Amino acid sequence: MITFETAHAYLSEDVKSYQKEVTRLHEQLMNKTGKGSDYVGWVEWPNAYDKEEFARIKKAAAVIAKQCDVFLVCGIGGSYLGARAAIETINGLYADKQPEVIFIGNTFSSTYIMQVLNYIKDKEVVVNVISKSGTTTETALAFRLLKQFMEKKYGKAEAAKRIYATTDKNKGTLKTIADKEGYETFAIPDDIGGRFSVITAVGLLPIAVAGIDIDALMEGTRKAYQDLADPNLEKNPAYAYAVARRILEKQGKCAEMLVSYEFQMSSFAEWWKQLFGESEGKDGRGILPCSAVFSTDLHSLGQFIQDGNKMLFETLLMVDKPQQDMIFPEDKDNADGMNYLAGKSLDYVNKMACKGTLEAHEITGKVPNLMITIPELNAESFGYVCYFFFRAVAMSVYLQDSNPFDQPGVEVYKKNMFRLLGKN
Ligand code: PA5
């Protein structure tokens, strides 16, 4: 379903020379003997997910979709990026779908929070608060405001029916609040970290509320699981991609730009940045994940990529078949000089922009390009590509000899912030 092309000519080593190491690390991942193996629940999740809870998610989503104008997802990091990525990638940026999904609990910006509260005040609202730990400050702060808003608007009993909590199955502050108030809850599995949780209730409830087929999404993860079962680098594009990244890092490439030619994939890139940045940026190592949408950003970052510091490589995330397309029309006067495009499809123009840019960056600019191609943007391919990147990041970080599944560095800002805010 996905094809991967390494920039062979630009790699100083043969990807296949890593086969022995990749096979050893693959076995560690599958046998749960590698670093951070308490958090590899996502590996088997495409087959092992809780079917009873999955049915409950679909049922709740159908109720919620009828009940509200705005569905508020209150979470940060792994507790919102996946859902946002799926909704925007699959539905597009201007989908005429009800309810509208708005993300909150992901910032301390007083302006943003108050704009959201103001926007929803006369609308029918349902809230999904999502936090594995239950104590994340951005989320807890927003949720207190939302809880008070909901109770004032609907009364305590009705508010409780309109608030759903996705959190730890048994413990934590949010679980305690949910049980006390009588909210319906969904579980975040103990052995799946936030950035791998889009295929659990964390992502699936908001995605289903947005009208996306979550059966198809899970089918995509299952297909990826099957396709990536063999560690053979000639058959496993996720592992080949992981190896190519490490080779490029050895060549001094310390930044990877995920490039898409589809605006609706901007949030997908944000999700990918968390997945790779949080998994790999440790032990003084890692490749900085950054992103761009072309040709748009060629008009801002293009100069740097073409002629600037040669620190980066690009990973193109291409889509074979666009969701929508049209033929560019002819104009009798041709005052704009655009008739040379008449009769060509807009997607053809986009693809030619890609071809020309690839040539400019790789051949002229000596910026290596890896290329991942997805047939089309839909629920199944979204599930597939998420699982593809899960496997790729696990292998990349194991090849770096780090733990892909922890994020100790994230705590440092929190400690300082708590001290400054006077938290005990
Ligand atoms: O990937 C991670 O672990 C983080 O980004 C978390 O997802 C994020 O901090 C939110 O954590 P929680 O779900 O506990 O509120």
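For the cross-link pairs Lys169/Lys273; Lys59/Lys153; Lys35/Lys161; Lys51/Lys153; Lys32/Lys351; Lys51/Lys175, the ones whose C-alpha atoms lie over 30 Å apart are Lys35/Lys161; Lys51/Lys153; Lys32/Lys351. Across the range 74-220, the mean sequence separation of Cα contacts (distance under 8 Å, 6 or more residues apart), normalised by length, yields a relative contact order of 31 percent. Please label the shape of the range 1-62 as rounded, prolate or oblate, based on the square roots a ≥ b ≥ c of the eigenvalues of the alpha-carbon gyration tensor (a/c under 1.5 means rounded; beyond that, a/b larger than b/c means prolate, else oblate). Oblate. Which translational diffusion coefficient, to the nearest whole µm²/s, is obtained for the range 168-312 from the Stokes-Einstein equation, given a Kirkwood hydrodynamic radius over C-alpha pairs, 10 °C and 1.306 mPa s? Estimated diffusion coefficient is 86 µm²/s.
Straight-line reach from Lys156: taking Cα to Cα under 16 Å and skipping same-chain neighbours fewer than 8 places apart, the lysines in range are Lys147, Lys180. Peptides 339-345, 410-416, 175-181 ranked from most to least packed give 175-181, 339-345, 410-416, packing being the mean of other C-beta atoms within 10 angstrom over each peptide's residues. As a ratio to 2.2 N^0.38 Å, the alpha-carbon radius of gyration computed for the range 94-225 takes the value 1.09.
Close amide-amide hydrogen proximity is noted between Thr315 and Met257, Leu258, Val259, Leu370, each under 5 Å apart and 5 or more residues distant or on a separate chain (H modeled in the peptide plane; Pro and chain starts excluded).
The angle separating the long axis of helix 237-250 from the principal Cα axis of greatest extent in the chain is about 70 degrees.
Computed over the chain, the range of Cα coordinates on each principal axis works out to 65, 64, 44 Å, biggest value leading.
For the range 148-221, a/c is not less than 1.5, where a ≥ b ≥ c are the root eigenvalues of the C-alpha gyration tensor, and a/b does not top b/c. That puts it in the oblate class.
Taking a ≥ b ≥ c as the square roots of the Cα gyration tensor eigenvalues, with a/c under 1.5 meaning rounded and otherwise prolate when a/b beats b/c, else oblate, which class fits the range 336-420? Since a/c reaches 1.5 and a/b is larger than b/c, the shape of the range 336-420 is classed as prolate. Across the range 211-321, the mean sequence separation of Cα contacts (distance under 8 Å, 6 or more residues apart), normalised by length, yields a relative contact order of 31 percent.
Using θ = phi - 60° in the Karplus curve 6.51 cos²θ - 1.76 cosθ + 1.60, the 3J(HN,Hα) couplings for the range 334-348 round to 6, 4, 8, x, 9, 5, 5, 9, 4, x, 9, 7, 4, 5, 4 Hz; x is entered for Gly and Pro. Centre-to-centre separation between the Cα atoms of the range 1-60 and those of the range 346-406: 16 Å.
Every number here is computed from the coordinates shown, using simple stated rules; none is lab data. In this text the structure is predicted, and so the values were computed from the model without any measurement. Note that each Cβ is placed from the backbone with ideal geometry, even for glycine, and that neighbours are counted across all protein chains shown.
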